[in-house]
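Peer 1: Can you read through this structure? Questions will come right after.
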Amino acid sequence: MDIKQLQYFMAAVECGSLNKAAERLYTSQPNVSRVIHSLEEELGNPIFLRSAKGIILSSFGEQLSYYAKNILKNVEHMQELSIDERQKKLNIASYPSGMLSNNLAKFYNEHREENLHIDYKEGTTEQVLNYISQGIVRIGVVQIAKQQLAPFRRILQNKDLEFTMLRSGRFCVYVGKQHPLYGRASVPFDTLKDLEFVQENEDYFTSLSYMGKFSSGALEYKDLKHRVHTDSDHCMMHMLRETTLCCLGVDFFSKKMAREMEIHAVSIEGCGSGILLGYVQKQNQEMDEIEKRYLENLGSLFAGEQ
């Protein structure tokens, strides 16, 4: 069995006719018929039932078409992979972050003359870990609540992954220029009960519900006035910039980027360091040069040097 046989077979399936399949393949109808017949002989079963009206799949042919379609799709991916090898590739996944996507655009501009190709995905911590373990991406940027380190480390061990911490962060309130708190350095914890929030949907590993434990139970997360929930960081940024809503987060924004995006972090008095930020990769994974540069860039970003 070879790829040509499967290509001819699937062309006939999709066209519903040997003549039309021949036209698509730029060959003759007898040649298509001959190739498909050789496949039937090799497999020992009829693939098509022929009649005066044309061809229809046999029950065996229906099962075969499912596998043939997947094989040809994988062949296509392998061919694309060969082309991709000529490019510098940066395959990343992260938690939803306007700061990271903004920084990635700047990184691309710095390296666009180097035939750079970027594949960037966003998701929850568990989704990011799955992307890495499945080989879909090679670097995953994640946030982890300190209380969740134990289950997080178990998952890393089971998936043969490793975590490198870049920094820890304190809880804060992010506000835009429309908000009366814009420009304030800090607010008392009990001020939160009077604010209205836009908030990302909950991520098990970074849930802000753990925030109450850093504030001696002064206020429960569930008691805050949540007006908007979203999975979209784009929506989040627009809500902060265009409304008087605010959001709870961690003080990872660099000052320069905060100015550029007109988003200000207001510290919460009485809240300690509760979230760890870093990147995940497969254990003992050798990084390409472009990946090393990106991780250096990421380290500078979260060190506040950009």
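The values are calculated or read from the model by the stated rules, or taken from the named source; none is laboratory data. As the structure is a computational prediction, the values presented were derived from the model and not from experiment. Ideal geometry is used to build each Cβ from the backbone, glycine not excepted, and the neighbour counts take in all protein chains shown. Side chains included, ligands, DNA and RNA excluded: accessible areas come from the protein's heavy atoms. Shrake-Rupley method; radii C 1.70, N 1.55, O 1.52, S 1.80 Å.
Peer 1: For the chain, report the accessible area per residue in Å² (1.4 Å probe, heavy atoms, rounded to an integer).
Peer 2: Normalised by residue count, the accessible surface of the chain is 54 Å².
Peer 1: Say the cut-off is 22 Å between C-alpha atoms; which of Lys193/Lys256; Lys193/Lys255; Lys89/Lys146; Lys89/Lys256; Lys89/Lys121; Lys121/Lys159 go over it?
Peer 2: Values: Lys193/Lys256 29 Å; Lys193/Lys255 26 Å; Lys89/Lys146 32 Å; Lys89/Lys256 27 Å; Lys89/Lys121 14 Å; Lys121/Lys159 19 Å.
From Lys193/Lys256; Lys193/Lys255; Lys89/Lys146; Lys89/Lys256; Lys89/Lys121; Lys121/Lys159, over 22 Å: Lys193/Lys256; Lys193/Lys255; Lys89/Lys146; Lys89/Lys256.
Peer 1: Additional query: In debye to the nearest 20, how big a dipole does the chain give about its Cα centre with +1 on each Lys and Arg Cβ and -1 on each Asp and Glu Cβ? The partial results should precede the final answer.
Peer 2: Numbers: 35 positive and 40 negative charges, 49 e Å.
Here the size comes out at about 240 debye.
Peer 1: For the chain, set up a GNM with springs between Cα atoms under 10 Å and report which of Asn103, Asn115, Asn130 has the largest fluctuation.
Peer 2: So, out of Asn103, Asn115, Asn130, the one fluctuating most is Asn115.
Peer 1: Once Lys and Arg get +1 and Asp and Glu get -1 on their Cβ, which of Asn297, Asn102, Asn45 lies farthest toward the positive end of the dipole of the chain?
Peer 2: Checking the options against the dipole of the chain, the answer is Asn102.
Peer 1: Can you give me the % of accessible surface on segment 234-306 that is carbon or sulfur? Probe 1.4 Å, all protein chains present, nothing else counted.
Peer 2: Its accessible area is 46 percent carbon and sulfur atoms.
Peer 1: Consider just the alpha-carbon atoms of segment 19-105 and return their Rg together with their Dmax, both in angstrom.
Peer 2: So, for segment 19-105, Rg and Dmax equal 21.4, 64 Å respectively.
Peer 1: Nearest 10 degrees is fine. How inclined is helix 149-158 to the longest principal axis of the chain, computing both from alpha carbons?
Peer 2: Compared with the principal axis, the helix lies near 20 degrees.
Peer 1: May I pose another question? Projected onto the charge dipole of the chain (+1 at Lys/Arg Cβ, -1 at Asp/Glu Cβ, origin at the Cα centre), which of Val175, Thr191, Gln87 gives the Cα projection farthest towards the positive end?
Peer 2: Positive-most Cα among the choices belongs to Thr191.
Peer 1: While we're here: When the chain is modelled as a GNM with alpha-carbon springs shorter than 10 Å, which of Asn201, Asn102, Asn70 fluctuates the most?
Peer 2: Checking each option, the largest mean-square fluctuation is seen for Asn70.
Peer 1: Right, here's the next one. Would you list, by chain and number, the lysines whose Cα falls below 28 Å from the Cα of Lys20, excluding same-chain residues fewer than 8 positions away?
Peer 2: Lys4, Lys53, Lys69, Lys73
Peer 1: Could I ask something else about it? Which value in Å is the Kirkwood Rh of segment 102-199 over different Cα pairs?
Peer 2: When all Cα pairs of segment 102-199 are included, the Kirkwood radius is 17.2 Å.
Peer 1: Taking the Cα centre as origin and putting +1 on Lys and Arg beta-carbons and -1 on Asp and Glu beta-carbons, what dipole magnitude results for segment 1-112, to the nearest 20 debye?
Peer 2: Here the size comes out at about 360 debye.
Peer 1: Additional query: State the antiparallel share, in %, of DSSP beta bridges confined to the chain, rounding to the nearest 5.
Peer 2: Here the antiparallel bridges make up roughly 60 percent for the chain.
Peer 1: Which Cα, out of His234, Asn284, Leu18, lies furthest along the positive dipole direction of the chain (beta carbon charges, K/R +1, D/E -1)?
Peer 2: Of the options given, the answer is His234.
Peer 1: Further, regarding this structure: What stretch of the chain, leaving out the sites themselves, is the longest with no GluC sites (Glu not before Pro) in a DSSP loop having at most 11 other Cβ atoms within 10 Å?
Peer 2: Working: sites that count: Glu85, Glu286, Glu305.
Excluding the exposed sites themselves, the longest stretch runs over 86-285.
Peer 1: Let me ask another. By its C-alpha gyration tensor, with a ≥ b ≥ c as the square roots of the eigenvalues, how is segment 83-139 shaped: rounded for a/c under 1.5, else prolate for a/b larger than b/c, else oblate?
Peer 2: Oblate.
Peer 1: Enter the Cα centre distance for the pair segment 28-68 and segment 235-283, rounded to the nearest angstrom.
Peer 2: 59
Peer 1: Considering all projection directions equally, how large on average is the shadow of the alpha-carbon convex hull of the chain, in square nanometres?
Peer 2: 22.0
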